[in-house]
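All remarks here apply to the structure that follows.
The values are calculated or read from the model by the stated rules, or taken from the named source; none is laboratory data. Note that this is a predicted model, so its numbers are computed, not measured. Virtual Cβ from ideal backbone geometry, glycine too; neighbours counted across all protein chains shown. What goes into the accessible areas is simple: the full protein's heavy atoms, side chains included, and nothing from ligands, DNA or RNA. Shrake-Rupley method; radii C 1.70, N 1.55, O 1.52, S 1.80 Å.
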Amino acid sequence: QVQLVESGGGLVQAGGSLRLSCAASGRTFTGYATGWFRQAPGKEREFVAVITRGGNTFYADSVKGRFTISRDNAKNTVYLQMNSLKPEDTAVYYCAAGFPINTAQATDYNYWGQGTQVTVSS
């Protein structure tokens, strides 16, 4: 079992930056692919970024070049550095871990955090 706890959300102006953290307990992150997803009000949960067990990273087109996912194995924490934030980035951001066949498919992940709110004002 893996327990995931996100932190780092908040209110930021457009163009600003935030760094989200996802801390894992129970088992090490290195055994899992870890993804970030987000869900805006009235919309479906959507893929943002993933770091695979081997350390490869993939991003949604909407965040490519602005967001960076990374993993600190010593701290058992995965980060999402978000730069050049836009109002359309406003959502609850969730961390997920598992063995996804499709890393962009939320239903392929086994473990989820509770989410952290990110609000970007214009």
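Odds and ends about this structure:
- Sites Arg19 and Thr52 - FRET efficiency at Förster radius 25 Å, r taken between beta-carbons, to 0.05: 0.75
- The stretch 19-63 - percent relative contact order, Cα under 8 Å, separation 6 or more: 29
- With contacts taken as Cα pairs under 8 Å and at least 6 residues apart, the stretch 28-122 reaches a relative contact order of 30 percent.
- Qualifying GluC sites (Glu not before Pro) in the stretch 21-99, where qualification requires a DSSP coil assignment and no more than 11 other C-beta atoms within 10 Å, comprise Glu44.
- Using a cutoff of 8 angstrom between alpha carbon atoms and counting only pairs six or more residues apart, the relative contact order for the stretch 1-84 works out to 31 percent.
- Heavy-atom surface of the chain, accessible at 1.4 Å and reported per residue (Å²): 50
- Only Lys, Arg, Asp and Glu carry charge here, each on its Cβ (+1 for the first two, -1 for the last two); on that basis the chain has a dipole of about 220 debye about its Cα centre.
- Listed by chain and number, the lysines placed with their C-alpha closer than 22 angstrom to that of Lys43 are Lys64, Lys86; residues fewer than eight positions away on the same chain are left out.
- For the chain, the fraction of 1.4 Å probe accessible surface lying on carbon and sulfur atoms is 46 percent.
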